[in-house]
Amino acid sequence: MEVPGPVDVVVIGGGVIGLSAAWRAAADGASVAVLDPAPGRGSTWAAAGMLAPVGEAHFGEESLARLNVLAARAWPAFAEALEAASGTTVGYRATGTVAAAVDPSDRSVLDDLLRFQLGLGLEARRLSSGGCRALEPLLAPGIRGGAEFAGDHQVDNRLVVGALLLAVARLGVAMVADEAVSISVDGGRVSGVTLRNGGTVAAGAVVLAAGSRSGQVTGLPPEAVPPVRPVKGLTIRLRAPVPGPALTRTVRGLVHGRSCYLVPRADGTLVVGATMEERGFDRAVQAGPVHDLLDDARTVVPALDEYDLEELTTGWRPGTPDNAPVVGRAGPEGLVVATGHFRNGILLAPVTAEAVAALLAGRPVDAALDPFGPGRFAAGGRLTAARS
């Protein structure tokens, strides 16, 4: 492994957030190095690629919902620019999403959520059972209705990672197959990082974008350490029979109080997700979560019985105490934190990358990110300011 000489910016973490930030910083003219032993193979690889500002709008997360809408609006231009920079596709599909409720209780929960979403001015409409099946004929005949989120789209997260790796390579970004164990600070300013396998990378600025492992990088004062934890998620990849029935759009199911989603790809695969488990850094696949996820998905779309099972994938979402990202300057001069994106890493990549590039270059950051700065947490992960 070749360790690069001094660079303007070193990015710790090569997931969708770290790679997007590196791409934007390099496009600004900075020399950049990205540290990751397996770029794009963490939670980014396990994700489904949903761009779901409406479907992911939850009670008590109004500021995050507004940021998600901003990110969704940025994605078409982001995808176009990334495809031009890489010469490859990212699988952006503007096909919309249908949410389906299986029983009356699920319908009531979905109606409450729909009222909340409409109250925020989000694009959503209530559907009868027949209306749901008119949009997606493979839905089970017994569903009790649902909603349409016409603006909830998708990308292929794995194609996005491939495109980002090509784009940063064309801009001369150094990819270092190692991980940072500590950040060096001299005179109140970051000066580089120390690598696990030996050596250092000197840099004028450091972007901490290591996902659920961001809090494990040492060398920072306690108030600058982001309070992130791993939240395990399992996704299942199926393949539709050819010829045979296939979904045409993303489906979100609510099944006796449990949620699932089904995201069809243009290549005939289908991503089914996802569990949410507080099990630390456990990558093992247990039979129970697989059974529950497949059973719920088959309840919503019975035709999945005919699909082939291709892959089980686990990853660790970077969760924070308020389920929202941490983006901004923190601790010593020259440190930018970009982590904690939890359920929305793919969706928030464009706005996070733009914010990181702006912070590095001294430009203003969009005010929509104001509620998500590192300063809202005290040492130990307590909230220091309320979010509206």
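Quote to one decimal, in nm, the extra length available between ARG279 and ALA361 on full extension: 0.36 nm per residue of separation minus the C-alpha distance between them.
On the way: separation 82, 0.36 × 82 = 29.52 nm, distance 3.85 nm.
Taking 0.36 nm per residue and subtracting the Cα distance, the gain is 25.7 nm.
If the chain between ASP103 and ASP305 were fully stretched, how many nm would it gain, using 0.36 nm times the residue separation less the Cα-Cα distance?
Values: separation 202, 0.36 × 202 = 72.72 nm, distance 2.09 nm.
Extra length from ASP103 to ASP305 when fully extended: 70.6 nm.
First select every other residue whose beta carbon is under 14 angstrom from the beta carbon of GLY331; then total the charges, Lys and Arg +1, Asp and Glu -1. If you can, show how the numbers build up before the last one.
Values: positive: ARG189, ARG329; negative: ASP186, GLU223, GLU333.
Its environment carries a net charge of -1.
Report the local net charge at PHE149: Lys and Arg +1, Asp and Glu -1, summed over other residues whose C-beta lies under 12 Å from its C-beta. Please list the in-between numbers first.
Details: positive: ARG125, ARG126, ARG249, ARG252; negative: GLU56, GLU123, GLU148, ASP152.
Here the count lands on 0.
Using just the helices of the chain, give the 222 nm mean residue ellipticity in deg cm²/dmol: DSSP H runs with n ≥ 4 each add -39,500 (n - 2.57), and the total is spread over all residues, rounded to 500. Let's see the in-between values first.
Details: 8 runs with 109 residues, N = 388.
-9000 deg cm²/dmol, from helical runs alone.
Tally Lys/Arg at +1 and Asp/Glu at -1 over every other residue whose Cβ is under 15 Å from the Cβ of PHE281; what's the total?
Working: positive: ARG41, ARG213, ARG229, LYS232, ARG279, ARG283, ARG317; negative: GLU179, GLU277, GLU278, ASP282.
Once all neighbours under 15 Å are counted, the net charge is +3.
Work out the length of the dipole vector of the chain about its Cα centre, built from +1 on the beta-carbon of each Lys and Arg and -1 on the beta-carbon of each Asp and Glu, and round it to the nearest 20 debye.
Result for the chain is approximately 300 debye, rounded to the nearest 20.
Among GLU56, GLU310, rank each residue by its count of other Cβ atoms within 10 Å, from fewest to most, as a rough exposure measure.
On the way: GLU56 20, GLU310 11.
Listed from fewest to most nearby Cβ atoms, that is GLU310, GLU56.
Between helix 104-119 and the chain, what is the angle of the helix's C-alpha long axis to the longest principal axis, kept within 0 to 90° and rounded to the nearest 10?
Result, in degrees: 50.
Could you give each residue of segment 147-160 its phi-based ³J(HN,Hα) in whole Hz, using Karplus coefficients 6.51, -1.76, 1.60 with θ = phi - 60°, and x for Gly or Pro?
7, 10, 10, 5, x, 8, 10, 7, 10, 8, 4, 6, 5, 4
Name the residue, out of ALA101, ALA72, ALA177, whose mean-square fluctuation peaks in a Gaussian network model built on the chain with Cα pairs under 10 Å.
Of ALA101, ALA72, ALA177, the most mobile in the Gaussian network model is ALA177.
Can you compute 3J(HN,Hα) from phi for each residue in segment 267-284, using the Karplus curve 6.51 cos²θ - 1.76 cosθ + 1.60 with θ = phi - 60°, rounded to whole Hz and x for Gly and Pro?
Karplus-based 3J(HN,Hα) across segment 267-284 equals 8, x, 7, 9, 9, 10, x, 9, 6, 9, 10, 8, 10, x, 8, 9, 9, 5 Hz.
Any chance you could give the angle, 0 to 90 degrees and rounded to 10, that helix 345-361 forms with the longest Cα principal axis of the chain?
20 degrees
Enumerate the amide H contacts of GLY40 below 5 Å, restricted to partners 5 or more residues apart or on another chain; note that Pro and chain-start residues carry no placed amide H.
GLY14, GLY15
Please arrange TRP23, TRP316, TRP45 by how many other C-beta atoms lie within 10 Å of their C-beta, fewest to most. Walk me through the numbers on the way to the answer.
Values: TRP23 28, TRP316 23, TRP45 18.
Fewest to most other Cβ atoms nearby, the residues stand as TRP45, TRP316, TRP23.
Please work out the C-alpha center-to-center distance from segment 82-152 to segment 271-347 and express it in whole Å.
20 Å
Could you tell me how far the Cα centroid of segment 1-50 sits from the Cα centroid of segment 206-245, in Å?
Cα centroid of segment 206-245 versus Cα centroid of segment 1-50: 14 Å apart.
Farthest toward the dipole's positive end in the chain, which of SER129, VAL356, THR88, given Cβ charges of +1 (Lys, Arg) and -1 (Asp, Glu) about the Cα centre?
Looking along the dipole axis, the top candidate is SER129.
Amide H neighbours of SER31 under 5 Å, at least 5 residues apart or on other chains, H built in the peptide plane: list them.
Counting only residues 5 or more places away or on other chains, the set is ASP8, VAL9.
What's the magnitude of the charge dipole for segment 233-370 around its Cα centre, counting Lys and Arg as +1 and Asp and Glu as -1 at the beta-carbon? Answer in Debye, nearest 20. Write down the numbers at each step before the final one.
Details: 13 positive and 17 negative charges, 38 e Å.
That gives a dipole near 180 debye.
Spin-label point model (7 Å from Cα, Cβ direction): what's the ASP8 to ASP186 distance in nm?
Calculated label separation equals 2.0 nm.
Any chance you could give the angle, 0 to 90 degrees and rounded to 10, that helix 16-27 forms with the longest Cα principal axis of the chain?
50 degrees
With +1 on each Lys and Arg Cβ and -1 on each Asp and Glu Cβ, how big is the dipole of segment 260-303 about its Cα centre, in debye rounded to the nearest 20?
Numbers: 4 positive and 7 negative charges, 31 e Å.
With only Lys, Arg, Asp and Glu charged at Cβ, the dipole is about 140 debye.
Taken together, the values in this text are just the output of simple stated rules run on the coordinates, not laboratory data. If you're wondering where the values come from, they're calculated on a predicted model, not measured in any experiment. Cβ: placed from backbone, ideal geometry, glycine included. Neighbour counts: every protein chain shown.
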